């Protein structure tokens, strides 16, 4: 599994790994029941420490996206479509908050922002 790690990102490396694995699961690139590389293999592939890849896997297990089976490996969990929807809504809200702050900084009104959104929506 190919992950891209940035040494200049403000995000810790384990969070970069988590975000990319989460995205691969949510988009279906990684399927339920699929075996992931071992913690050591992932660390070697990403050129990070074993503790870093373990942290990413542990966090995703705690989130319910991965399942760890001692002696067998780490697998993608069965993901409910309502969970995917709630994650996507949360991601959208985060992006919209950034957009609202950007718009306010640019001196735009709420109405101008709504008009721009309506135009973008039509342009699909």
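No value in this document is a laboratory result; all are computed from the given coordinates. No experiment lies behind these values; they were computed from the predicted model shown. All Cβ positions, even for glycine, are placed from backbone atoms using ideal geometry, and neighbour counts span all protein chains on display.
With the convex hull built on the Cα atoms of the chain, state its orientation-averaged projected area in nm².
9.7 nm²
Once R0 is set to 22 Å, what does the formula 1/(1 + (r/R0)^6) return for the Cβ-Cβ distance between residue 5 and residue 67, expressed as a FRET efficiency to the nearest 0.05?
0.35
Taking the Cα atoms only, what angle lies between the long axis of helix 13-26 and the longest principal axis of the chain, rounded to 10 degrees?
Value to nearest ten degrees: 80.
Shape call for the range 81-122 from the C-alpha gyration tensor, a ≥ b ≥ c root eigenvalues: rounded (a/c under 1.5), prolate (a/b greater than b/c) or oblate?
Cα axes put the range 81-122 in the oblate bin.
Just to confirm the number: angle between the C-alpha axis of helix 50-62 and the first principal axis of the chain, 0 to 90 degrees, nearest 10?
Once rounded, one gets 70 degrees.
Between residue 95 and residue 80, what is the spin-label point distance in nm, taking each point 7 Å from the Cα along the Cα→C-beta axis?
It is 2.5 nm.
Can you put 44, 110 in order, fewest other beta carbons within 10 Å first?
The most exposed by this proxy come first: 110, 44.
Where does each of 98, 58 land when they are ranked from fewest to most other beta-carbon atoms within 10 angstrom?
If I rank by nearby Cβ atoms, fewest first, I get 98, 58.
Between 0 and 90 degrees, rounded to the nearest ten: what's the tilt of helix 81-105 against the longest Cα principal axis of the chain?
50 degrees
Express the relative contact order of the range 1-64 as a whole percentage, based on alpha carbon pairs under 8 Å and six or more residues apart in sequence. Could you put the intermediate results ahead of the total?
Working: 42 pairs, mean separation 23.8, N = 64.
It rounds to 37 percent for the range 1-64.
Given the Cα-Cα distance of residue 88 and residue 103 and 0.36 nm per residue of separation, how much length would full extension add, in nm?
3.2 nm
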